[in-house]
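S.K.: Take a look at this one; I'll ask things after.
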Amino acid sequence: MDSSTLPENRLGAPARRLNPGLLALALGGFGIGLTEFVIAGLLTDVADALHVTVPTAGALIWGYALAVVVGAFTVTAVLSRRPPKAALLVLLALFVAGNALTALAPGFGVAMLGRTVTALCHGGFFGIGAVVAGDLVTPERKASAIAVMFGGLTLSNVLGVPFGTFVGQQLGWRSAFWIISALGMLAIAGVAALVPRLPAPPPAPGNQFAVLYRRQVVVSILLTMMVFGGVFGAFIYVQPLVTRVTGYSDGSVPWLLVLFGIGLFVGNFVGGWAADRDLTWTLRALSVLLPIVLIGYGLLAAWRIPVALLLVVMGLVGFAATPALQLRVMRFAHDAPTMASAANIAAFNLGNAIASAIGAATIALGLGWRSPVWVGAAMALIGTVLVFTNSHGEPQ
């Protein structure tokens, strides 16, 4: 079939041709994801350079996650009525400034401020970006378009820790944040050149936060918290689990992280493809598979090859839900999708933080290195119940 005969989206582009604006959004997502994850491979170097303990430096990670939640509601509320392209450019400019501030930080307080500024952009960029991505394609390809944007985030998972470790060893930890700032500048250029000017969203009737009180929007947000709390609650303590239970060496951990990241990357696109075909079926299937994979991961934690394989599958199944979850909340909040989309991004981070805290508590209680996996499996099972008890009347 000639491309001229393909159905067109509202911007006039053939439906099956990848809109270049999606690549610009993916580049921004890659940079923001890299900012979040790169610090994990640099934590000891950062702590030494800023003259704080490693647990104190850890606030640069969990503090970032909490700031994402705050920014998803506050910054998004301020920018949601501006033309989307202008809002994205403002967010990326703040992203560059925050990373530059982190790179220049003379002490821990300034570094924390830089991380906070960057995190405040996170929810707004993905929230507004998801809506823009959906507007660049025909309605039946919205989930796949969202998957392209989140592809940048998943790729940052694959490269983030190895990249951070390499740069930290070769050039110093500050260089990583200068490189990320440069990526942010490239993303600004890409969005300016490739993302079309879309009109500002029409004012939602009443309070724009009112959409967050709708039952199915609340269900969508809770579902996101449970699914990603399940995945990352099981994953975040992977290093002590695979070294102390499975028997891998410390040198093997980065490669195991890469395996998990590959699963995330592939699962994101598979999930987008499936959600475009049947959103309800996709969520049901993934909500059943995820706890099964997590339980298998816990039960087989002492076996090297199964653990390596299950890390790939865990990333694949867990992140395959991302486009579907984002599309679900946007459909139930069709008159105010930007705020609901940003709130859903906040739910990703809040679920991770809750699962991490509970997992840490189970370890502190002496329940063993597998205990966070059981926490993750329990949260995933709650997600399964939510899917099957709330899918009636779901928009298709």
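S.K.: Counting C-alpha atoms alone, how compact is the range 207-390: give Rg to one decimal and Dmax as a whole number, in angstrom.
M.R.: Looking at the range 207-390, its Cα Rg and Dmax stand at 16.4, 54 Å.
S.K.: Could I ask something else about it? Charges on Cβ only, +1 for Lys and Arg, -1 for Asp and Glu, centred on the Cα centroid of the chain; of Val191, Phe228, Val218, which one is farthest towards the dipole's positive end?
M.R.: Positive-end residue among those listed: Val218.
S.K.: Can you sort Lys142, Lys85 so the residue with the fewest Cβ neighbours within 10 Å comes first? The partial results should precede the final answer.
M.R.: Values: Lys142 25, Lys85 19.
The most exposed by this proxy come first: Lys85, Lys142.
S.K.: When the helices in the chain are scored as -39500 (n - 2.57) per DSSP H run of 4 or longer and the sum is shared across all residues, what 222 nm value do you end up with, to the nearest 500 deg cm²/dmol?
M.R.: -26000 deg cm²/dmol
S.K.: I've got another one for you. Would you mind putting 181-191, 100-110 in packing order, based on average other-beta-carbon counts within 10 Å, highest first?
M.R.: 181-191, 100-110
S.K.: Quick one: compute the contact order of the chain, relative version, from alpha carbon pairs under 8 angstrom and 6+ residues apart, as a percent.
M.R.: For the chain, the relative contact order is 24 percent.
S.K.: Dipole size in debye (nearest 20) for the range 207-390 around its Cα centre, Lys and Arg Cβ +1, Asp and Glu Cβ -1?
M.R.: Dipole magnitude for the range 207-390 comes out near 200 debye.
S.K.: Can I ask one more? Using θ = phi - 60° and the Karplus form 6.51 cos²θ - 1.76 cosθ + 1.60, what ³J(HN,Hα) does each residue of the range 67-75 get, whole Hz, x for Gly and Pro?
M.R.: Going residue by residue, I get 5, 4, 4, 4, x, 4, 8, 7, 5 Hz, with x marking Gly and Pro.
S.K.: Using unit Cβ charges (K, R positive; D, E negative) and no other charged atoms, how large, in debye to the nearest 20, is the dipole of the chain about its Cα centre?
M.R.: In debye, rounded to 20, the chain gives about 420.
S.K.: List, in order, the whole-Hz ³J(HN,Hα) value for each residue of the range 294-306 obtained from phi through the Karplus relation with A = 6.51, B = -1.76, C = 1.60 and θ = phi - 60°; use x for Gly and Pro.
M.R.: The phi angles translate into 5, 5, x, 4, x, 5, 9, 4, 8, 10, 5, 5, x Hz.
S.K.: Along the charge dipole of the range 19-201, Cβ charges K/R +1 and D/E -1, which of Ala105, Val69, Pro84 sits furthest on the positive end?
M.R.: Positive-end residue among those listed: Pro84.
S.K.: Next question, about the same structure. Please work out the C-alpha center-to-center distance from the range 319-365 to the range 91-124 and express it in whole Å.
M.R.: Distance between centres, Cα-based: 22 Å.
S.K.: Provide the packing ranking of 27-37, 74-84, i.e. peptides ordered by the mean count of other C-beta atoms within 10 Å per residue, highest first.
M.R.: Working: 27-37: 25.3, 74-84: 18.5.
Top to bottom by mean Cβ count within 10 Å: 27-37, 74-84.
S.K.: Please identify, among Leu327, Leu222, Leu294, the residue showing maximal mean-square fluctuation in a Gaussian network model of the chain using a 10 angstrom Cα cutoff.
M.R.: Between Leu327, Leu222, Leu294, it is Leu222 that shows the largest mean-square fluctuation.
S.K.: Rank Thr118, Pro337, Trp374 by how far each Cα sits towards the positive end of the charge dipole of the chain (+1 on Lys, Arg Cβ; -1 on Asp, Glu Cβ) and give me just the farthest.
M.R.: Checking the options against the dipole of the chain, the answer is Pro337.
Read the figures in this text as sums done on the coordinates, not as results from a lab. This is a predicted model, so every value here is computed, not measured. For neighbour counting, all protein chains shown are included, and Cβ atoms are generated from backbone atoms with ideal geometry for every residue, glycine included.
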